[in-house]
Structures are given as structure tokens and as C-alpha cells.
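S.K.: My structure is below; once you've seen it, I'll send some questions.
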Amino acid sequence: MSELWDTIIIGSGPAGCTAALYGSRAYLKTLVVAGYEAGGQLMLTSDVENYPGYPEGVQGPEMMADFRKQAERFGARFVDEDATEVDFTKRPLTVKTPTASYQGKTVIVATGSSAKWLGLSSEKRLQGRGVSACATCDGFFFKDKRVVVVGGGDSAMEEATFLTKYASEVVIVHRRHEFRASKIMAARALNHPKIRVVWDSVVVEVLGEEKVEGVRVRNVEADRAEDLPTDGVFVAIGHHPNTDLFRGQLHLDEAGYVVPEPGHETQTSVEGVFVAGDVYDHRYRQAITAAGSGCKAAIDAEKWLEAQGAAAELAAETRAP
């Protein structure tokens, strides 16, 4: 008979680790299926200056190590493997990894979302060294500097407009000659004195060795390349939630994000399965909001377990002679 956990948390970013902290402190037998690349998107972030409690700032990986240590201190167990399969159709709920199968009374889905990248080796090499996918997270580091935003949708317009608070110049590089963004968002960007647009163009390389120094841009109409000097590159071509594992198991929206039940913040379409973090929050996508929702999910899981226990006790009393 396999070990039965009170709660199994899938994911080990701020949402998953906070859920593990709250669950284990509530004396729930807590397992975290952390993933091979544990820690979430903060593992790609060099400096975190907007998380309370770190007045001097902190490296993303260091902060996630702190999160994990704190949860482990109260008894949460971490398994550094990916979840490869789930079965929420019967109880106990099942979560499988390549080497084991785990059973839980509750599950908290905290698998997060992933930024869509351009797929360039130079882009990957310079992530955290001037390449970012979050202006809210990293814009502060580009005071009076030049930045490039790649994209043409609402997200790109939001990122570009936000970056004008800090940067001396914002260049939007877009592969077409018109934006996909809503008219009001596009107009806001186009009319801003700090923003200019390079149309019909794609970024084919990020330039620089230790940090971003420029981008190589190719005009798709003229098939001509030019180098643009810049201090930062913000890729704003969207995010995708890490929910392939849950298709057919949970209610997802058209974009693939987990949808909580009406009137509930973390309860999913399956009783006893809860959600936290960027896997359902496609608006804020911040470490602190993810952590907050991890807290909520753990508390909701604890209350759900208490209710099941109370119901079982009541049923036993009713059957008693």
C-alpha cells in the first residue's frame, strides 16, 4: 500500500513553496513534486528587489532556496522530479513521476506559466543579464537606459509603456506593419515620446558577452539586417500556462489556464484539487501574488480536509446503534 499524503503540491515556485510551508505548519503530511527545474521562473531572475523582507535585494535562486528551506523546516518533503501524469477521477488522487506514484487526499496545482521566448541561443545565454520577460520585475534596473521590447500585442504595449517610467528610450520591434494590440493600447504606445517602432522586423540575435549590448534585427520585407544598440531586451510575445498535464482532468480556459470554481478562489473543478500561482493568474504574475495564492490554497485544502473529517465522524455517529 503506497503512502498516503494529506496534500501533494505540484510545483516549487513561490506558490508551491508557500503552500508547502502553510500545509506543513498545519500538520498536514505534505509532499512537493518540485520538478527537475525546481523553483519556478525566479530561477531565471538575477536580482529581486520587490519582495518584502529583502531590503538589499536577493538573487532569485537564493530566494527560492530560502523558501524551500523554510517549508522543509516544518516537515514538507520535496521530490525533485517532474509530474508526468495525474488521475483526479478517483480517490485517493494520484500524481506520478518517472520513478514513483504518489497518492494524496488533496492536490495543489502550482505549476506556473512560462514566458514564450524567441528561441535564440544568445537570448537564453543572456537571460538575467539584460534579457527579461517581465518589465514589472526588472524595469527598475534600466533607469536612463535604452531597451528593446519584442512583440505587438497588448502585453508588448503594456511592457513598453511601463518601461518609459525608467528607460531613456524604448524601441518596439514587431514583425508586421501593424500591431495586434487593441487600438487604445497601441495608440498609447505610438503616441508616447519615448517610444519608437521598428516595423516588419524580427530579432535574430541578442548581442553581448557578459550583458546585453544590442540586438541584430532583420527586416522581413527587405531581408536586410541592422544592429541596434540597447541595454535590455524585453520579450513580450506572451506566456503559456504549464497545464498540459491537466487537460481532461481540470476545467481550463481557452488559453489553458486553470479556472477556479465560481465563488471560490482556489477550488478547481475537482473536489479536493486546488490551484495557486501563475497557472491560473494571468494578470499579475508576481512572486508575491503567487505566494499569497499558495497560502490561500493551503488553507483551503486544510479546511476541506477538516470538513471531510467532520462529515465522516457525523456519518459514523449516525450509523452507531
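S.K.: Of the residues TYR22, TYR36, which is among the aromatic types (Phe, Trp, Tyr), assigned to a helix (DSSP H, G or I) and touching a residue at least 40 places away in the same chain (Cβ under 8 Å)?
M.R.: That would be TYR22, the only listed residue that is among the aromatic types (Phe, Trp, Tyr), assigned to a helix (DSSP H, G or I) and touching a residue at least 40 places away in the same chain (Cβ under 8 Å).
S.K.: Quickly run through the stretch 88-108 and pick out the residues that are in contact with a helix residue (DSSP H, G or I) (Cβ under 9 Å, 6 or more places away or on another chain) and either outside the structural domain of LEU31 (by TED's automatic domain parsing) or not aliphatic (A, V, I, L, M) (or both).
M.R.: Result: PHE88, LYS105, THR106.
S.K.: Then there's this: Filter the stretch 77-116 down to the residues that are out of contact with any Lys or Arg (no Cβ under 7 Å at 6 or more places or on another chain) and aromatic (Phe, Trp, Tyr) and list them by number.
M.R.: Those that are out of contact with any Lys or Arg (no Cβ under 7 Å at 6 or more places or on another chain) and aromatic (Phe, Trp, Tyr): PHE88, TYR102.
S.K.: Tally time: how many residues in the stretch 103-129 are in a helix (DSSP H, G or I) and of a type in the set (Lys, Arg)?
M.R.: Of the residues in the stretch 103-129, 2 are in a helix (DSSP H, G or I) and of a type in the set (Lys, Arg).
S.K.: Report the residue count in the stretch 155-183 for those that are in a helix (DSSP H, G or I), under 27 Å from the mean Cα position of the chain (by Cα) and farther than 14 Å from ALA133 by Cα.
M.R.: 1
S.K.: Also: Got at least one residue in the stretch 130-145 being in a strand (DSSP E or B) and under 28 Å from THR18 (Cα atoms)?
M.R.: Among the residues of the stretch 130-145, at least one is in a strand (DSSP E or B) and under 28 Å from THR18 (Cα atoms), which makes the answer yes.
S.K.: Of the residues in the stretch 187-201, how many are surrounded by 15 or more Cβ atoms within 10 Å (Cβ to Cβ), in a strand (DSSP E or B) and either more than 29 Å from the chain's Cα centre (by Cα) or not polar (S, T, N, Q) (or both)?
M.R.: Residues flagged as surrounded by 15 or more Cβ atoms within 10 Å (Cβ to Cβ), in a strand (DSSP E or B) and either more than 29 Å from the chain's Cα centre (by Cα) or not polar (S, T, N, Q) (or both) within the stretch 187-201 amount to 3.
S.K.: For the stretch 121-140, which positions are out of contact with any Asp or Glu (no Cβ under 7 Å at 6 or more places or on another chain), surrounded by fewer than 16 Cβ atoms within 10 Å (Cβ to Cβ) and under 14 Å from TYR166 (Cβ atoms)?
M.R.: Passing the criteria: only THR136.
S.K.: Name the strands (runs of 3 or more DSSP E) wholly within the stretch 202-321 that hold at least 3 residues that are surrounded by 21 or more Cβ atoms within 10 Å (Cβ to Cβ) and either at pLDDT 95 or above or among the aromatic types (Phe, Trp, Tyr) (or both)?
M.R.: Output list reads 232-235, 273-275.
S.K.: Only one of (1) touching a residue at least 60 places away in the same chain (Cβ under 8 Å); (2) over 20 Å from SER168 (Cβ atoms); (3) of a type in the set (S, T, N, Q) is not met by THR230, so which one is it?
M.R.: (2)
S.K.: Only residues in the stretch 207-227 that are assigned by TED's automatic domain parsing to the domain that holds ARG175 and more than 23 Å from LYS124 (Cβ to Cβ) count as the first member; pair them with residues that are modelled with pLDDT of 95 or more and part of a loop (DSSP other than H, G, I, E, B), Cβ under 6 angstrom, at least 6 apart or cross-chain, and list the lot.
M.R.: Note: pairs meeting the criteria are ASN219/ASP200; GLU221/ASP200.
S.K.: Contact list please: Cβ distance under 7 Å, first residue in the stretch 55-66 and of a type outside the set (S, T, N, Q) and assigned to a loop (DSSP other than H, G, I, E, B), second residue surrounded by 12 or more Cβ atoms within 10 Å (Cβ to Cβ) and at pLDDT below 95, pairs at least six apart or on different chains.
M.R.: GLY57/ASP47; GLY57/VAL48; GLY57/GLU49
The values are calculated or read from the model by the stated rules, or taken from the named source; none is laboratory data. Note that the structure is a prediction, hence the values are computed from the model and not measured. As a convention, Cβ positions derive from the backbone with ideal geometry for all residues, glycine included, and neighbour counts pool all protein chains shown.
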